[in-house]
């Protein structure tokens with residue numbers, strides 16, 4: 001992969017905010033903003049399988065840009081259209097996306113003795129080669145963005161990827177994950193460490209390809225007790241934050257802000273502030289004012305945290321949620337430390353015009369002179 005030159009960035013609001021600088025208004029983007037709720041997404045996707053879209057730089061790039069074009073002037077970042085499960089795929093596992101059901105691993109890891117575990121642990125994974133299509137999509141998207149907004153790269157957190165690899169898909173009871181951590185803790189940790197190392201390299205190569213900020217999604221963090229989180233998630237999240245900057249330096253790349261999103265693990269906010277990330281994502285179960293108190297005087301930026309479900313509601317309900325959020329994060333007096341987002345990915349069947357109204361209300365209620 002050669003070094004690329006891209007058009008200059010015209011809107012760097014999100015990057016300045018992520019570095020903890022005072023900004024004129026809080027930047028906004030939404031997790032899964034490129035996706036199923038947009039009619040143009042279905043048009044561009046056509047009859048293609050989900051992972052087929054991820055593997056086509058042209059299509060992934062088109063999908064990434066759709067919300068930037070639809071919400072021009074309202075949204076402050078793009079996030080590359082991809083999936084957290086490309087890492088298990090790169091490790092040699094088969095993952096399918098089943099319509100209406102989500103991801104499915106036909107052959108999940110059942111125990112350290114099932115043969116597949118040993119193979120995975122031995123396999124030398126070439127992240128540069130296996131995930132080349134992601135880097136190509138990032139580079140193409142950066143060029144097509146023409147500097148309009150910065151581009152996020154991302155990966156799944158080791159714990160969340162591990163859950164998918166042993167459960168074989170989404171789950172409500174986490175039977176396999178819990179069996180592994182309580183029956184085979186050492187083998188679990190060895191696999192988590194291997195995944196962490198791949199995450200670092202994958203993120204570094206995304207930055208090399210043109211990503212300007214990265215996020216680590218720990219979607220299943222909230223399934224762990226506080227004690228288990230300290231053993232099976234926290235050390236690996238911290239490893240990524242510690243190892244990525246020197247790896248970027250080694251590759252001759254500039255540092256980028258790093259975001260961690262330990263969804264559902266409300267008890268981990270304090271720990272997340274000391275893991276080495278610049279930004280922590282909050283889900284909608286957090287009270288913004290309490291979160292600001294927990295962060296205290298640490299230079300941590302908060303991202304979040306409207307309930308995605310409010311977008312099914314009336315405009316009055318959206319205004320109320322935005323007003324409470326602006327007040328809760330103390331925007332009028334702080335003018336820094338907050339990136340606006342939902343508390344999780346936008347859900348299907350949302351009317352895109354209601355998301356537009358959400359964006360407009362954020363702008364209206366946070367612009368210079370707006371009162372708390």
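The values are calculated or read from the model by the stated rules, or taken from the named source; none is laboratory data. The model shown is predicted, which means the values in this text are computed figures rather than measured ones. Backbone-built Cβ (ideal geometry, glycine too); neighbour counts: all protein chains shown.
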Exercise. Which residue out of 160, 188 is under 17 Å from residue 234 (Cβ atoms), in contact with a strand residue (DSSP E or B) (Cβ under 6 Å, 6 or more places away or on another chain) and either touching a residue at least 12 places away in the same chain (Cβ under 8 Å) or surrounded by fewer than 18 Cβ atoms within 10 Å (Cβ to Cβ) (or both)?
Worked result: 160
Exercise. Are any residues in segment 100-120 surrounded by 17 or more Cβ atoms within 10 Å (Cβ to Cβ) and either in contact with a strand residue (DSSP E or B) (Cβ under 7 Å, 6 or more places away or on another chain) or part of a loop (DSSP other than H, G, I, E, B) (or both), and if so, which ones?
Worked result: 103, 105, 108, 109, 112
For this session: Looking for whichever is out of contact with any helix residue (DSSP H, G or I) (no Cβ under 9 Å at 6 or more places or on another chain), at pLDDT 95 or above and within 20 Å of residue 26 (Cα to Cα) here; the options are 335, 367, 327, 356. Which one fits?
Result: 335
Seminar exercise, completed: Reported set for segment 36-46 where residues are touching a helix residue (DSSP H, G or I) at 6+ places or on another chain (Cβ under 7 Å) and either modelled with pLDDT under 95 or not in a loop (DSSP other than H, G, I, E, B) (or both) is 40, 41, 44, 45
For this session: Name the single residue, out of those in segment 47-72 being more than 25 Å from residue 90 (Cα to Cα) and touching a helix residue (DSSP H, G or I) at 6+ places or on another chain (Cβ under 9 Å), that is surrounded by the fewest Cβ atoms within 10 Å (Cβ to Cβ).
Result: 69
Problem set entry | Verdict on residue 32 being at positive phi, assigned to a loop (DSSP other than H, G, I, E, B) and under 18 Å from the mean Cα position of the chain (by Cα) | yes
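Taking the options 195, 181, name whichever one is under 15 Å from residue 234 (Cα atoms) and touching a residue at least 60 places away in the same chain (Cβ under 8 Å). Spell out the reasoning first.
Values: 181 fails: touching a residue at least 60 places away in the same chain (Cβ under 8 Å).
Just a single option satisfies the conditions, and that option is 195.
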Exercise. Does residue 83 satisfy the condition of being at negative phi, in a loop (DSSP other than H, G, I, E, B) and in contact with a strand residue (DSSP E or B) (Cβ under 6 Å, 6 or more places away or on another chain)?
Worked result: no
Exercise. Hey, any hits in segment 216-224 for a residue that's more than 13 Å from residue 158 (Cβ to Cβ), surrounded by fewer than 23 Cβ atoms within 10 Å (Cβ to Cβ), touching a strand residue (DSSP E or B) at 6+ places or on another chain (Cβ under 8 Å) and touching a residue at least 24 places away in the same chain (Cβ under 8 Å)?
Worked result: yes
Problem set entry | Given (1) within 17 Å of the chain's Cα centre (by Cα); (2) outside any loop (DSSP other than H, G, I, E, B), index of the condition residue 52 fails | (1)
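Evaluate the following for residue 191: is it closer than 19 Å to residue 31 by Cβ and assigned to a helix (DSSP H, G or I)?
no
From the residues in segment 121-144 that are out of contact with any helix residue (DSSP H, G or I) (no Cβ under 7 Å at 6 or more places or on another chain) and either outside any loop (DSSP other than H, G, I, E, B) or in contact (Cβ under 8 Å) with a residue 40 or more places away in the chain (or both), which one is nearest to residue 78 (Cα to Cα)?
Among residues in segment 121-144 that are out of contact with any helix residue (DSSP H, G or I) (no Cβ under 7 Å at 6 or more places or on another chain) and either outside any loop (DSSP other than H, G, I, E, B) or in contact (Cβ under 8 Å) with a residue 40 or more places away in the chain (or both), the one nearest to residue 78 (Cα to Cα) is 142.
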Problem set entry | Complete set of residues in segment 331-372 that are in contact (Cβ under 8 Å) with a residue 24 or more places away in the chain, in a loop (DSSP other than H, G, I, E, B) and surrounded by fewer than 16 Cβ atoms within 10 Å (Cβ to Cβ) | 336, 347, 348, 349, 351, 367, 368, 370, 371, 372
For this session: Within segment 1-35, work out how many residues are farther than 21 Å from residue 218 by Cα and in contact with a helix residue (DSSP H, G or I) (Cβ under 7 Å, 6 or more places away or on another chain).
Result: 7
